[in-house]
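**Q** So that we are looking at the same thing, I have put the structure below in C-alpha cells.
None of the figures in this text is laboratory data; all of them are computed from the coordinates on show. Please read these numbers as outputs of a predicted model, since none were measured by experiment. FYI the Cβ positions are ideal-geometry reconstructions off the backbone, even for glycines, and counts take in every protein chain you see.
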Amino acid sequence: MIEGYPEIARDVSTLKQAPNLSDWAALRESWSWDDAWAELDLPDGLVNMAHECVDRHAENVNADKVAILWNGADNQVETYTYAQFKAQTNKVANALKTLGVEKGERVFVLSDRIPELYFSCFGALKAGAIMAPLFSAFGPEPIKERVARAEGSVIITTPKLLPKVNAIRSELPSIRHVIVIAHREGKPVAEGDIDYQSIVGSASEEFEIERTGPEDWSVMHFTSGTTGLPKGAAHVHNAIVSHYATGKYALDLQPDDIYWCTADPGWVTGTSYGMFAPFSNGVTALIDEGGFSARRWYELIQKHGVTVWYTAPTAIRLLMKAGESLPAQFDLSTLRFISSVGEPLNPEAVVWGNRAFDQPIHDNWWQTETGSIMCANYAAMPVRPGSMGRPFPGVHVSVVDDEGNEIAEPMVEGALVVRPPWPSMFRTYWNDQERYDSRFKGGWYYSGDRAKRDEDGYIWFVGRDDDVINTAGHLVSPFEVESVLIEHEAVAEAGVIGRPDDVAMEVVKAFVTLNEGYTETPDLMRALNRHCRERLGSTVAPREIVVIDILPKTRSGKIMRRLLKARELGLPEGDISTLEED
Ligand code: ATP
Ligand code: MG
C-alpha cells in the first residue's frame, strides 16, 4: 500500500442507472454460476461462444441494435447490427467449411482492427475451429513461432500484412490456406492465396453452428511475453459465462451502453473484453482501427458518446502526460465507468482520473490464463487507489504463504492464487502440458504474481515473482517504487529493477522517462532522490535513478523489467517477440 491516498467513494445514486452490482458481499454470498448460465442460452446443452455473442442477439430484441460501431483509421464509420453480424459470421463459417476446416483446427487471424477481423474470429468459432488472433504489428518470426507451435492450418490476413506471412510460409507446413481480406485495400490477390471476398461474399448467410460442448476448444491466446517466452493458453467455449458475468458485474455493462475497449485482439484483453464480454452482453462495441493519441481518444469518446471505457495503465499514464487541460476541452459527460487492466495502476493515476473525468479509474486484475477478470473494483464500491479491488463473486482468489496456506493476517505478502476450476480457466498451454501442470499445486492455481490482502478483502499487487526485489533483507515491490516516482511532476513513467549487489543482495535501480518540458539536471535528480527517500525511506528508495528516452514495453503496453535488467547486466535479451518497437 502506498501511503497518502485516501479511499474514493463515488456517489452512484447520482447515476442515471444503478450499477448491476450494488452490494459485493451479498452477491458473493448468493452467487451461482447456474444463475449466470440461465441468462445465456444453451441450445441442446451445447455451448458456442459465437452463438452466445452473436446469434442469440440476432434472434431477440437486439437484432437491429448496433453490435459493431467501427471507427476507421481515417475516421470513417461503419456499423453492423447483431443481425448483420450474424449474417457476416455465417458467411465466414460457410467459407471455412468449404475449405475443409474441421472442428478443433487452429485458424489464425492477423489483421488490423477492421470489421472482417471480428467476422473472421466469430466465423471460425461457428465452424468449431480454435481461433487465434495475432498482433498485426508482429514481424515474421513471432508469427512463425506461434503458428508453428499451434500447428495452425489457416491464416486470415490483409494485403498489407501478407508479405510477413509470405516470408515464413515455406517454413509452416501445417498451413493449408491463406485468406486475404483484399477488398478494403483494393489489391489483387496473388495466385495460391484466397480472396476473402470471393469466398465469403458468395457464401450463404445461413449456417448451422458446429456442435460444440462446454469443454470443446474455442480460443488460443498467447501471453504477453512480459516475463519470457509467450505461452499459448488454450480456452474452451465454457469460458463465455465468465465473460458474460464479468462484463455485467465488473464492467457494469448495461443494455444502452456504448462500450469501448481500447485493447487490440492480439492481447487477450482485446478478445475477452473487446469481443466476448460486450457481445455476450448485447451492447454496442466501439472498435477503433487507429492508434493512440490523447486528443484522438478524447475525440472518439465525445463523437460516439462512449459510456463504459476499458483501457490500460500505460494509456492512462500517456493521457496524464498529455495534461489535464486536454480532457476539459471535450464533452466526456457520457462516460459512466472507466476501468483498467494489464499492469498495476499507480494510485496517482486513479486520483488523476478522478480529477480529469470526475470519477476514479477502476483497476482490475486477471491474466491470459484466467481468461476473465478475477478481481475488480466495482462501480458501487469505494476505490482504494493502488488496490486491484476484491475477488469476482463466484471466484475464490486468495493470498497464500510458501506452504500454500491462506494468509489471514492483513497486508502480509504472499503468492496470488485462484482456486480451480472457474469457467474461463485455461485448459492447457498448447503443446506444453508440463508447464501447465506446474501452475497447479495444493488445490490452487498459482498466478505467478505476489500480492497482499487488507482487512476488508481488497487485494494489493506487489509484483511478479521474478520482479520482487530483495534488498538487505527487505522485499521491495517495484510497483510501489514506480508509483512514488511518477508522483513527481517531472516523471512520466518508471521501471524499477533489482541490480545484484555483493552486500545487499540486490539494490533498487530505477529507470524513468520525463514529462515534456523537463530535462535531466543535477538539481532535478537531487529532487527526485529526495522525494523517493521521503516517501519510501532510505532502504527502499532507489539507489540509482537513470533517465532514459523510452521504457521497453510489450505491445500490450507492459513495462518489460526483465529487459531493463538484462540490458543493465549485459545479459542476452531473451524472447523479444512482443517488444513494442516504436
Ligand atoms: P507473460 O506471462 O508472457 O510473461 P504477461 O503475464 O504480461 O506475459 P498477460 O496474461 O497479458 O501476460 O498479463 C497478465 C499479468 O499482467 C498478470 O499476471 C499481472 O502480472 C499483470 N497484471 C494484469 N492486470 C494487473 C493489475 N490490475 N495490476 C497488476 N498487475 C496486473
Ligand atoms: Mg503471465
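**Q** Go through 65/303; 65/86; 452/565; 65/160; 86/231; 509/565 and tell me which ones have a Cα-Cα distance over 20 Å in this structure.
**A** 452/565; 65/160; 86/231
**Q** Sticking with this one: In which sequence would 156, 338, 548 go, from the one with the fewest C-beta neighbours within 10 Å to the one with the most? If you can, show how the numbers build up before the last one.
**A** On the way: 156 29, 338 21, 548 15.
Fewest to most other Cβ atoms nearby, the residues stand as 548, 338, 156.
**Q** Here's a follow-up. Counting only the backbone N, which residues of the stretch 198-231 are under 15 Å from the spot 7 Å out from the Cα of residue 579 toward its beta-carbon?
**A** Under 15 Å, as judged by backbone N against the label point of residue 579, lie 225-230 of the stretch 198-231.
**Q** Could you tell me which of 278, 159, 235 has its Cα farthest along the dipole of the chain towards the positive end, charges placed at Cβ (Lys, Arg +1; Asp, Glu -1), taken about the Cα centre?
**A** My answer, from the dipole projection, is 159.
**Q** Still on this structure, please answer the following. Determine, for 108, 292, 85, the number of other Cβ atoms within 10 Å of each Cβ, and report the residues in order from fewest to most.
**A** 292, 85, 108
**Q** On the first, second and third principal axes, largest extent first, how far apart are the outermost C-alpha atoms of the stretch 469-569 in Å?
**A** 38, 33, 20
**Q** Another one. Given axes a ≥ b ≥ c from the Cα gyration tensor, I'd like to know whether the stretch 82-142 is rounded (a/c under 1.5), prolate (a/b larger than b/c) or oblate.
**A** Note, shape of the stretch 82-142 comes out oblate.
**Q** Mind checking the stretch 79-175 for trypsin sites (Lys or Arg not before Pro) that DSSP puts in a loop (not H, G, I, E or B) and that have at most 12 other Cβ atoms within 10 Å?
**A** Those that pass, being in a loop and sparsely packed, number zero.
**Q** A follow-up question, please. By how many nm would the segment from residue 433 to residue 518 lengthen if fully extended, with 0.36 nm per residue of separation less the alpha-carbon distance?
**A** Details: separation 85, 0.36 × 85 = 30.60 nm, distance 4.95 nm.
Length difference between fully extended and current span is 25.7 nm.
**Q** What is the fewest-to-most order of 519, 246, 578 by other Cβ atoms lying within 10 Å of their Cβ?
**A** Ranked by crowding around the Cβ, least crowded first: 519, 578, 246.
**Q** Given R₀ = 41 Å, FRET efficiency for residue 73-residue 355 by Cβ-Cβ distance, to 0.05?
**A** 0.85
**Q** What FRET efficiency would be calculated for the residue pair residue 23, residue 167, taking the C-beta separation as r and a Förster radius of 56 Å, to the nearest 0.05?
**A** My answer for the efficiency is 0.50.
**Q** Can you tell me the relative contact order of the stretch 469-569? Whole percent, Cα pairs under 8 Å, sequence separation 6 or more.
**A** So the answer I get is 29 percent.
**Q** Let me ask something else about it. Mind checking which of 182, 255, 576 is farthest towards the positive end of the chain's charge dipole, using Cβ charges of +1 (Lys, Arg) and -1 (Asp, Glu) about the Cα centre?
**A** 182
**Q** Based on the Cβ-Cβ distance from residue 15 to residue 548, what FRET efficiency comes out when R0 is 45 Å, to the nearest 0.05? Let's see the in-between values first.
**A** Values: r = 42 Å, r/R0 = 0.93.
With a Förster radius of 45 Å, E is 0.60.
**Q** Give me the extension gain from residue 295 to residue 568: residue separation times 0.36 nm, minus the current Cα-Cα distance, reported in nm with one decimal.
**A** 94.8 nm
**Q** Can you give the charge dipole size of the chain about its Cα centre, rounded to the nearest 20 debye, using +1 on the beta carbon of Lys and Arg and -1 on the beta carbon of Asp and Glu?
**A** Dipole about the Cα centre, nearest 20: 660 debye.
**Q** Now, a different point. Report the local net charge at residue 513: Lys and Arg +1, Asp and Glu -1, summed over other residues whose C-beta lies under 14 Å from its C-beta.
**A** -4
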